[in-house]
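Novice: Sharing a structure below in structure tokens format, with a few things to ask.
The values are calculated or read from the model by the stated rules, or taken from the named source; none is laboratory data. All figures in this text were calculated on a predicted structure; none of them were measured in a lab. Counting neighbours? That spans all protein chains shown, and the Cβs are built from the backbone with ideal geometry, glycine included.
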Amino acid sequence: MEGDFGPETENVVRAAAVTVDGGGQGSTDVSGTSRRSFLGRVFAGTVIAGAGGVIASILAYLFPRESVRSSLGPRRVRVGRAADIPAGTGRLVLVDEEPVWILNLARGFVGVSAFCTHKSCVIKWEESRRLFDCPCHDGRFDERGNVVSGPPRRPLTHFRVALVGDDIYVSAREERQV
């Protein structure tokens, strides 16, 4: 070995190979920590970290944040506060560049597209008659977006609406309800 690496390397190899009999516990390096002790600490740390992850997951499942409880999913838009839309009234808002009517009905908040399904004219909410009117071709829709009269054949596109605290959120993903 001396011919391959030189005398300095042989001394380093001898110093690194020094072992102390640990009473059958395996070899011990110069710092005094046995291999078994080191591996035991690594194993214990791994078990503790894994248990911490499992406990955190269980707690997150049992006590979700309020925003996660919303059924709207990750793509939602805050459109205002519940107090801004009194019962029986509506408000026109933009959701992903599309006008959407948000109505506060007795059963809760409803969101429908403001585009008429006939020729895509922007409809208006007539609060006194509780109807949507299309100014282009005299189409009418009820407060849930169903066709009442006129040329439209399809109901208005619905948007999911949810309250998170006192804030109104609308799903940016369209959902058609018939």
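Novice: Would you check which residues across segment 82-96 are buried (at least 16 other Cβ atoms within 10 Å of the Cβ) and out of contact with any Asp or Glu (no Cβ under 8 Å at 6 or more places or on another chain) and list them?
Specialist: 85, 93, 95 - these are the residues of segment 82-96 that are buried (at least 16 other Cβ atoms within 10 Å of the Cβ) and out of contact with any Asp or Glu (no Cβ under 8 Å at 6 or more places or on another chain).
Novice: May I ask you to say which residue of 160, 129 is under 24 Å from residue 78 (Cβ atoms) and charged (D, E, K, R)?
Specialist: On inspection, the qualifying residue turns out to be 160.
Novice: Are any residues in segment 135-149 surrounded by 17 or more Cβ atoms within 10 Å (Cβ to Cβ) and hydrophobic (A, V, I, L, M, F, W, C), and if so, which ones?
Specialist: Once the filter is applied, which keeps residues that are surrounded by 17 or more Cβ atoms within 10 Å (Cβ to Cβ) and hydrophobic (A, V, I, L, M, F, W, C), segment 135-149 yields 141, 147.
Novice: Determine if segment 110-128 includes at least one residue that is touching a residue at least 12 places away in the same chain (Cβ under 8 Å), in contact with a helix residue (DSSP H, G or I) (Cβ under 9 Å, 6 or more places away or on another chain) and either assigned to a strand (DSSP E or B) or polar (S, T, N, Q) (or both).
Specialist: Looking for residues that are touching a residue at least 12 places away in the same chain (Cβ under 8 Å), in contact with a helix residue (DSSP H, G or I) (Cβ under 9 Å, 6 or more places away or on another chain) and either assigned to a strand (DSSP E or B) or polar (S, T, N, Q) (or both), one finds none in segment 110-128, hence no.
Novice: Considering segment 112-134 alone, what residues qualify as being in contact with a Ser or Thr (Cβ under 7 Å, 6 or more places away or on another chain) and surrounded by fewer than 17 Cβ atoms within 10 Å (Cβ to Cβ)?
Specialist: Once the filter is applied, which keeps residues that are in contact with a Ser or Thr (Cβ under 7 Å, 6 or more places away or on another chain) and surrounded by fewer than 17 Cβ atoms within 10 Å (Cβ to Cβ), segment 112-134 yields only 127.
Novice: Of everything in segment 13-66 that's modelled with pLDDT of 55 or more and among the polar types (S, T, N, Q), which residue is surrounded by the most Cβ atoms within 10 Å (Cβ to Cβ)?
Specialist: 34
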